Amino acid sequence: MTGEWDADTLFDVFERETAREILALTSLGPMSAQALADRTDESEPTIYRRIDALTEHDLLEEKTRMDEEGNHYSVYETNLEAVCFRLEDGGFTIDVTYRRELVE
């Protein structure tokens with residue numbers, strides 16, 4: 001997603017407890033959808049709906065991993081470092097700060 005954040009959209013994303021849990025869990029390291037479902041006690045379809053919303057808004061990044069048998073699977077890690085909501089001139093403004101890996 002590019003451009004400025006719409007406060008209503010971001011409020012909608014953060015309204016879901018499961019979305020907030022996914023962001024918190026994936027801030028610790030990459031996790032599969034199955035692992036997220038196990039940790040949140042949510043169904044995988046619910047986890048995938050939240051993952052879709054979070055990736056659509058650049059809050060979560062999908063990476064591909066390979067298991068010992070050579071099978072590929074996805075893991076997810078948050079891109080989010082901070083969100084700041086401000087009340088200004090009768091409305092909200094939002095600053096989103098992303099985690100960035102430094103390239104050496």
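Mind checking the angle between helix 44-56 and the chain's longest principal axis? C-alpha axes, 0 to 90 degrees, to the nearest 10. That works out to roughly 50 degrees.
How large is the Kirkwood hydrodynamic radius of the range 49-96, counting all unique pairs of alpha carbons, in Å?
Working: mean 1/r = 0.0762 Å⁻¹.
Hydrodynamic radius (Kirkwood, Cα pairs) of the range 49-96 is 13.1 Å.
Between E44 and K63, the modelled labels are 2.2 nm apart [label points 7 Å from Cα along Cα→Cβ].
Here's how it looks for N79: its modeled amide H is under 5 Å from those of L60, E61, which are all 5 or more places away or on a different chain.
Legend: Rg and Dmax of the chain, from Cα coordinates, 15.1, 57 Å. Listed values for the range 91-97 are Karplus-derived 3J(HN,Hα) couplings in whole Hz (6.51 cos²θ - 1.76 cosθ + 1.60, θ = phi - 60°), namely x, 9, 10, 10, 10, 10, 10, and x replaces Gly and Pro. Summary of packing: across the peptides 81-88, 63-70, 33-40, 10-17, the per-residue average of other C-beta atoms within 10 Å ranks them, highest first, as 33-40, 10-17, 81-88, 63-70. Can you give the angle from 0 to 90° between the axis of helix 17-26 and the longest principal axis of the chain, with both taken from C-alpha atoms, to the nearest 10? Approximately 60 degrees, to the nearest ten. Round to a whole angstrom and tell me the spacing of the C-alpha centers of the range 6-20 and the range 48-64. A separation of 13 Å, based on Cα centres.
Laboratory data are not the source of any read-out in this text; all were calculated from the coordinates shown. Here the structure is a predicted model, which means the values were calculated and not measured. Cβ atoms come from the backbone with ideal geometry, glycine included; neighbour counts cover every protein chain shown.
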